[in-house]
Amino acid sequence: MIVVTGATGNIGRPLTKALAEAGEQVVAVSRHAAEVPDGVRHQVADLSDPASLDLSGAKALFLLLSGDLHAVGARPAELVERAAAQGVRRVVLLSSLGVRTRPFGTTRVELRGLEDILRNSGLDWAVLRPGGFASNALWWAEAVRTQRTVAAPFGDTALPIIDPADIAEVAAAALRSDRNGVLELTGPEVITPRQQAEAIAAALGEPVRFHELTRAEAKAGMEQLMPGELADDTLDILGSPTPDEVAVSPDVEQVLGRAPRTFADWTARHVEAFR
């Protein structure tokens with residue numbers, strides 16, 4: 001049996017489906033009641049309370065931590081300890097490329113600490129470190145629907161963003177593998193926000209205007225969704241990526257035997273969100 005946390009999100013949902021289709025017994029975990037694929041069992045648990053997560057009978061655990069589990073006083077290490085105590089043999093942790101490229105941010109310090117705990121746990125393990133997600137373009141969906149406009153900072157700065165469906169497929173492979181290690185996950189090419197707007201326009205078959213925000217304008221909008229420190233951190237990456245943050249990793253192709261999906265692929269599957 002494989003337990004998938006964060007099972008209703010843009011990684012957990014396709015991961016749960018992929019595992020079930022591969023014939024695995026799957027328990028999908030989320031904080032609230034949710035629909036899951038046929039044959040999948042659902043469990044309600046709050047990961048901020050590790051005791052609420054029932055891992056009895058599980059051989060593997062996919063661990064995806066929500067933002068509040070990086071806060072002061074959170075106890076994500078107890079989730080790894082609980083997994084070991086309940087007989088789980090393998091844990092696959094969703095981490096972040098920034099653990100290597102920008103190791104001193106608060107969130108990444110916490111993630112790196114959790115990676116180290118996992119390495120030293122005696123369990124089999126894999127760590128997935130994706131870069132930026134293609135699905136972050138959904139932040140623009142309302143403006144595209146109502147104004148046919150994408151508004152974003154750093155319009156001509158390119159990053160190799162990844163389709164969450166590829167992360168899910170790599171996670172499914174890692175959960176069923178016995179190999180330990182770190183996988184860095186990116187898309188197949190770098191793409192700018194301006195080029196993303198063009199891809200959305202192509203999928204819609206209609207023009208989409210690109211409006212470049214200043215950093216201050218972008219931060220003001222982001223602070224409605226996240227703390228200011230995290231907004232600044234994100235904007236640093238978007239505006240001044242390091243050479244490692246613009247590098248295309250071979251790991252998705254090595255695991256899946258195919259190239260990662262492009263942003264245009266992602267847009268074609270989600271075009272209805274922008275209509």
Does Arg13 meet the test of being within 25 Å of Trp139 (Cα to Cα) and touching an Asp or Glu at 6+ places or on another chain (Cβ under 7 Å)?
-> no
Can you find even one residue in the stretch 130-145 that is touching a strand residue (DSSP E or B) at 6+ places or on another chain (Cβ under 6 Å), among the acidic types (Asp, Glu) and either under 30 Å from Ser240 (Cβ atoms) or surrounded by fewer than 21 Cβ atoms within 10 Å (Cβ to Cβ) (or both)?
-> no
Count - residues of the stretch 230-275 that are part of a helix (DSSP H, G or I) and either at pLDDT below 95 or not aromatic (Phe, Trp, Tyr) (or both) | 28
What are the pairs, 6+ residues apart or on separate chains, where a residue within the stretch 133-152 that is within 18 Å of Ile237 (Cβ to Cβ) and in contact (Cβ under 8 Å) with a residue 40 or more places away in the chain has its Cβ under 6 Å from a residue that is of a type in the set (A, V, I, L, M, F, W, C) and part of a helix (DSSP H, G or I)?
-> Ala134/Phe263; Ala134/Trp266
Please determine, by comparing only the residues of the stretch 75-87 that are outside any helix (DSSP H, G or I) and at pLDDT below 90, which one is nearest to Leu19 (Cα to Cα).
-> Pro76
State all residues of the stretch 4-39 that are polar (S, T, N, Q) and either within 20 Å of Asp166 (Cα to Cα) or under 20 Å from the mean Cα position of the chain (by Cα) (or both); if no residue qualifies, say none.
-> Thr5, Thr8, Asn10, Thr16, Ser30
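Run down Ala83, Ala45, Ala60 and say which single residue is crowded, with 16+ Cβ neighbours inside 10 Å, in contact (Cβ under 8 Å) with a residue 60 or more places away in the chain and under 25 Å from Arg176 (Cβ atoms).
Unique residue meeting the criteria: Ala60.
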Any residue in the stretch 216-228 that's in a helix (DSSP H, G or I): show its pairings with residues that are surrounded by 14 or more Cβ atoms within 10 Å (Cβ to Cβ) at Cβ separation under 6 Å, as long as the two are six or more apart or on different chains.
-> Ala218/Pro153; Lys219/Ala231; Met222/Ala231
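Condition check ((1) in contact with a strand residue (DSSP E or B) (Cβ under 9 Å, 6 or more places away or on another chain); (2) closer than 24 Å to Glu169 by Cβ; (3) modelled with pLDDT under 95; (4) part of a loop (DSSP other than H, G, I, E, B)) across all residues:
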position: Pro14; (1), (2), (3), (4): no, yes, no, no
position: Val36; (1), (2), (3), (4): yes, yes, yes, yes
position: Gly39; (1), (2), (3), (4): yes, yes, yes, yes
position: His42; (1), (2), (3), (4): yes, yes, no, no
position: Leu47; (1), (2), (3), (4): yes, yes, yes, yes
position: Ala58; (1), (2), (3), (4): yes, yes, no, yes
position: Asp68; (1), (2), (3), (4): no, no, yes, no
position: Gly73; (1), (2), (3), (4): no, no, yes, yes
position: Val92; (1), (2), (3), (4): yes, yes, no, no
Kindly indicate whether any position in the stretch 181-196 is assigned to a strand (DSSP E or B) and surrounded by fewer than 14 Cβ atoms within 10 Å (Cβ to Cβ).
-> yes
Can you name the residue in the stretch 18-34 that is closer than 18 Å to Leu93 by Cα and at pLDDT 95 or above and is also surrounded by the fewest Cβ atoms within 10 Å (Cβ to Cβ) among such residues?
-> Ala18
Among the candidates Ala216, Ala201, single out the residue that is surrounded by 14 or more Cβ atoms within 10 Å (Cβ to Cβ), of a type outside the set (Lys, Arg), more than 19 Å from Phe133 (Cβ to Cβ) and out of contact with any helix residue (DSSP H, G or I) (no Cβ under 8 Å at 6 or more places or on another chain).
-> Ala201
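The values are calculated or read from the model by the stated rules, or taken from the named source; none is laboratory data. The model shown is predicted, which means the values in this text are computed figures rather than measured ones. Note: ideal-geometry Cβ built from the backbone for every residue, glycine included; neighbour counts use all protein chains shown.
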